[in-house]
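The values are calculated or read from the model by the stated rules, or taken from the named source; none is laboratory data. All values reported here derive from a predicted model rather than from experimental measurement. Cβ placement follows ideal geometry from the backbone for every residue including glycine, while neighbour counts extend to all protein chains displayed.
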Amino acid sequence: EHYAQNLTLKDLGQKYYINSAYLGQLFRKTYGVSFKDYLNNYRIEMAASLLLHTDLKNYEIMEKVGYHDLDYFINKFIALKGCTPARFRKKSRESNT
């Protein structure tokens, strides 16, 4: 629900009175990935959805999903989706025509 906000284990630990290191261990044990990787994956999935269903620009999508640096966003997107956001959108539109 708050994935676009600046989320850290430290802040979540303070909010819920749990040691952040312990919270990180619990998260990894439950989900099989680190909190940071899970959050990045979720943000990129939301960005991909926005690319497919809106005409928002990359920088607008980046901000909506919680990134503040366009180069970082694009690099994360490439790492998880195998192409740039622009190419992802273009490939999707080509396959739908």
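Here is the figure for region 30-58: residues that are more than 16 Å from Q5 (Cα to Cα) and not basic (K, R) total 15. Look at (1) touching a Gly at 6+ places or on another chain (Cβ under 7 Å); (2) modelled with pLDDT under 95 and you find that R93 fails only one, number (1). Scanning region 48-73 for residues that are of a type in the set (A, V, I, L, M), part of a helix (DSSP H, G or I) and either without any contact (Cβ under 8 Å) to a residue 24 or more places away in the chain or touching a Lys or Arg at 6+ places or on another chain (Cβ under 8 Å) (or both) yields A48, L50, L51, L52, M62, L70. Only a single item in (1) within 24 Å of S95 (Cα to Cα); (2) at pLDDT below 95 is not met by L12, and it is number (1). Taken together, the residues in region 1-47 that are exposed (fewer than 15 other Cβ atoms within 10 Å of the Cβ), part of a helix (DSSP H, G or I) and either hydrophobic (A, V, I, L, M, F, W, C) or in contact with an Asp or Glu (Cβ under 6 Å, 6 or more places away or on another chain) (or both) amount to 2. The set of residues in region 62-86 being within 13 Å of E45 (Cβ to Cβ) and among the polar types (S, T, N, Q) is empty.
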